[in-house]
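Below you'll find the structure, written out as structure tokens, and then a few comments.
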Amino acid sequence: MIRLFVYSFVVVILASSCGRKQKNTNPSGKKAESTLLSEQSDSILYARGFEVEHHDGYIEVNVRDPWNDGKLLQRYLLVPRDKKPPTNMPKGTVVMVPIRNAAVYTSVHCSALAELDATDEIIGICETRYIIAPKIRSLIKSGRIADIGESTAPNVEKMIAIGAEVILSSPFNNNGYGAVEKIGIPIIECADYMESDPLGRAEWLKFFGLLTGRSALADSLFRATEASYLQTKSLTSNVAHKPKLLTGMRYGSTWYVSSGESFMAKLFRDAGADYMFSDFKGAGGTPMSFESVLNRAIHADIWLIQYNSATDMTYRSLRADYPSYEQFDAFRNRRVFGCNTNISRYYEEMPMHPDYLLKELIAVLHPELLPEYVLRYFAPLED
């Protein structure tokens, strides 16, 4: 249970318009490799974690170190697969694009590739038990995609055996990649979960577009997400009452809450919530004791929880898990909403589609604003 929580928490915790250039694609939406570098991607509008520079013969993507201001985590030099790397490139990790035979560590990045119709480029996935997307599950079941073990200790021998050419991973502060670093496969560190703006995280789809040769599609999908998010956000611009919101649960002796500068806290604000921990500094998560959470949020109007279970959680099972939960007003007033991530695509969809979650939150917090909306992720707990 703790292992599952850590995975889920990282996925969650883990911000003017510019001129846009037209792009040419073939009817299938896929770009010919030889024209990959002639198509300029959109300007980066919200993301703070990476920047893109186009050069003659390659694209330079600089991924900023989210833990050290002003420093780079990685520099990637994207070279068309049908071209030789230029001799004048700066020092960095060369990646031949479009990528092929990718080993992917997280369901989030599998979903990003699926958004771009690039699931055929996936050859192995860590922790396949967390994959819900039907198409990817089908490929796993057929053996087309291999299970390469835990993301914290992937099966290096299997990655080599299946012919992995590139690895997509989420970096963690001061953590290396062990034996994986010694086999010479480019490791692409996707630090999207460290963005503090929901649209900033979603904008990493443009990076995946560059990697897969689908920049035009990525730009188009992001623009649709941006428009949907901003339009949905406008629904709460004049709300008179902002319900007090509590999120999460205790695991062991710790209750992690999203800090006030996190992208989840921004989502809560945009949804018209009075988030009970909005004053906490930082863009990650803050560990708290149960007593501290209770003291601050006992009178919260609504409580949102995520859990993974073969059966849906109820007030009875929530109380059985920890009897003191019933001290919260939201429990007493039957205002707890649960998302069962065993069957919900919450973690797969939310990073690249914050507009989906924003609409969901507004429907829970201000149902009068979306009277016809059918909940996608959360459901009221039953007795």
(message) What pairs come out if I take residues in segment 86-105 that are within 25 Å of Gly143 (Cα to Cα) and pair them with residues that are polar (S, T, N, Q) and surrounded by 22 or more Cβ atoms within 10 Å (Cβ to Cβ) whose C-beta lies under 7 Å away, six or more apart or interchain?
(response) Pro98/Thr212; Ile99/Thr212
(request) Please specify each residue of segment 311-358 satisfying the condition of being hydrophobic (A, V, I, L, M, F, W, C) and either in a loop (DSSP other than H, G, I, E, B) or more than 30 Å from Leu116 (Cβ to Cβ) (or both). (result) Met313, Leu318, Ala320, Phe328, Ala330, Phe331, Val336, Phe337, Ile343, Met350, Met352
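Yes/no matrix, rows are residues, columns are (1) in contact with a strand residue (DSSP E or B) (Cβ under 8 Å, 6 or more places away or on another chain); (2) open to solvent by less than 70 Å² (accessible area, probe 1.4 Å); (3) more than 30 Å from Arg223 (Cβ to Cβ); (4) not hydroxyl-bearing (Ser, Thr, Tyr):
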{"residue": "Leu318", "(1), (2), (3), (4)": "yes, yes, yes, yes"}
{"residue": "Pro323", "(1), (2), (3), (4)": "no, no, yes, yes"}
{"residue": "Asn333", "(1), (2), (3), (4)": "no, no, yes, yes"}
{"residue": "Ile343", "(1), (2), (3), (4)": "no, no, yes, yes"}
{"residue": "Ala363", "(1), (2), (3), (4)": "no, yes, no, yes"}
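Taking into account only those residues within segment 187-219 that are among the β-branched types (Val, Ile, Thr) and open to solvent by less than 10 Å² (accessible area, probe 1.4 Å), which is farthest from Pro367 (Cα to Cα)? Spell out the reasoning first.
Here is the first cut: in segment 187-219, the residues among the β-branched types (Val, Ile, Thr) are 187-188, 212.
From the residues that got through so far, the ones that are open to solvent by less than 10 Å² (accessible area, probe 1.4 Å) too are 188, 212.
Working: Ile188: 41, Thr212: 39 Å.
This residue is Ile188.
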(request) Considering only segment 148-195, state which residues are among the β-branched types (Val, Ile, Thr) and either touching a Phe, Trp or Tyr at 6+ places or on another chain (Cβ under 7 Å) or under 26 Å from Glu349 (Cα atoms) (or both). (result) Ile148, Thr152, Val166, Ile167, Ile187, Ile188
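Please determine whether any residue of segment 278-300 is basic (Lys, Arg), open to solvent by 10 Å² or more (accessible area, probe 1.4 Å), outside any strand (DSSP E or B) and at pLDDT 95 or above. So that I can check it myself, show each step before the final result.
As a first pass, look at segment 278-300 and keep what is basic (Lys, Arg): 281, 296.
Okay, now just the ones that are also open to solvent by 10 Å² or more (accessible area, probe 1.4 Å), so 281, 296.
Within this subset, residues satisfying the condition of being outside any strand (DSSP E or B) are 281, 296.
Narrowing further to those that are at pLDDT 95 or above: 296.
So far as segment 278-300 goes, yes, one or more of its residues are basic (Lys, Arg), open to solvent by 10 Å² or more (accessible area, probe 1.4 Å), outside any strand (DSSP E or B) and at pLDDT 95 or above.
I'd like the full set of residues that are among the aromatic types (Phe, Trp, Tyr) and more than 23 Å from Arg376 (Cβ to Cβ), limited to segment 322-341. Don't jump to the end; show me each part of the working.
Going residue by residue through segment 322-341, those that are among the aromatic types (Phe, Trp, Tyr) are 322, 325, 328, 331, 337.
The answer is Tyr322, Tyr325, Phe328, Phe331.
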(request) Identify, from the list Leu73, Leu45, Leu78, the residue that is in a strand (DSSP E or B), surrounded by 15 or more Cβ atoms within 10 Å (Cβ to Cβ), at pLDDT 50 or above and touching a Leu at 6+ places or on another chain (Cβ under 8 Å). (result) Leu78
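Test Phe222 against the criterion of being open to solvent by less than 10 Å² (accessible area, probe 1.4 Å) and touching a Ser or Thr at 6+ places or on another chain (Cβ under 8 Å), and give yes or no.
no
The values are calculated or read from the model by the stated rules, or taken from the named source; none is laboratory data. In this text the structure is predicted, and so the values were computed from the model without any measurement. Cβ: placed from backbone, ideal geometry, glycine included. Neighbour counts: every protein chain shown. Note: accessible area is taken over every heavy atom of the protein model, side chains too, but ligands, DNA and RNA are not part of it. Shrake-Rupley method; radii C 1.70, N 1.55, O 1.52, S 1.80 Å.
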